[in-house]
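The values are calculated or read from the model by the stated rules, or taken from the named source; none is laboratory data. What you see is a predicted model; the values in this text were computed from it and never measured. Backbone-built Cβ (ideal geometry, glycine too); neighbour counts: all protein chains shown.
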Amino acid sequence: MQLMALTKGKVERPIDFLRERFWRGYEFSSIGKANADVLFWLEESANRRVHGTHHRRVEERWQEEIAHLGPLPSSDYDTSLKVFRKVYRDCQISFNANRYVVPHRVVGKRVMLKVKNRLVRIYHDQDLLFTYEEPITKRNVVSDPRFYEELRRDKEQLRRKYGRSKGKATRGLLDGSLWIDVHHRPLAEYEQYAQGGLAWKS
């Protein structure tokens, strides 16, 4: 922790240097032009200055450090917008005034959306469920017909397996009604049993 406290200022200092020496007073017109301008500023000004700590030109120290750098990650850092949504009973999730259909197996669960460049990637845990292109307009239902087809097939399979021709207990697997029908008695009646005023009967 002490080392972090000592180096924290050194890590943050370049951001302050960039803001004060390049960005302050800069007239932004586009990302492309800003990228080109900051590269020119680095090459012609920032990297040619003599650094106050080691008293050498920045570009000289940079050339010495290149050989000691590790390899870059195999994939770019994920800069997608990440949001979480719960899947409704109609197999849909809502994002940015549009609805997206997902597989019925994730109904009631929380999924993560990664949104970038108008692509909406929908994940459950580590599994990519589907990728949609975000509509330009609002209030759309964006879907793939395969998802509702899978839901229809599963319902038909459940109906064949647990339909009317099956026993009462297994039929509940189709409609979610596997609740035991329990006879309800008022609490006052139990109080009389506890005091011995009534003979117990099932």
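Exactly one residue out of Tyr100, Tyr123 is in contact with a strand residue (DSSP E or B) (Cβ under 6 Å, 6 or more places away or on another chain) and either more than 21 Å from Tyr77 (Cα to Cα) or not in a strand (DSSP E or B) (or both): that is Tyr100.
Residues in segment 117-159 that are surrounded by 11 or more Cβ atoms within 10 Å (Cβ to Cβ), over 18 Å from the mean Cα position of the chain (by Cα) and β-branched (Val, Ile, Thr): 2 in all.
So for segment 70-81 (the condition being over 30 Å from Glu43 (Cβ atoms), buried (at least 16 other Cβ atoms within 10 Å of the Cβ) and not small (Gly, Ala, Ser)), does at least one residue qualify? The answer is no, given that none of the residues of segment 70-81 is over 30 Å from Glu43 (Cβ atoms), buried (at least 16 other Cβ atoms within 10 Å of the Cβ) and not small (Gly, Ala, Ser).
Need pairs with beta-carbon distance below 8 Å; first residue without any contact (Cβ under 8 Å) to a residue 60 or more places away in the chain and within segment 43-54, second not in a helix (DSSP H, G or I); sequence gap 6+ or separate chains. Between residues of segment 43-54 that are without any contact (Cβ under 8 Å) to a residue 60 or more places away in the chain and residues that are not in a helix (DSSP H, G or I), the close pairs are Asn47/Arg57; Arg48/Arg57; Arg49/Arg57; Val50/Arg56; Val50/Arg57; His51/Arg57. Just one of the listed residues (Val102, Val58, Val106, Val87) is in contact with a His (Cβ under 9 Å, 6 or more places away or on another chain), surrounded by 13 or more Cβ atoms within 10 Å (Cβ to Cβ) and more than 19 Å from Val141 (Cα to Cα), and it is Val58.
Being more than 30 Å from Lys114 (Cβ to Cβ), at pLDDT 90 or above and part of a loop (DSSP other than H, G, I, E, B) narrows it down to one residue among Gly70, Gly25; which is it? Criteria check complete, one pass: Gly25. Taking the criterion of being part of a loop (DSSP other than H, G, I, E, B) and of a type in the set (S, T, N, Q), the residues of segment 126-162 that qualify are Gln126, Thr137, Asn140, Ser143. Please work out if Ala97 is surrounded by 10 or more Cβ atoms within 10 Å (Cβ to Cβ), touching a Phe, Trp or Tyr at 6+ places or on another chain (Cβ under 9 Å) and either on the phi > 0 side of the Ramachandran plot or outside the structural domain of Arg110 (by TED's automatic domain parsing) (or both). Taking the combined requirement at face value, the residue does not satisfy it.
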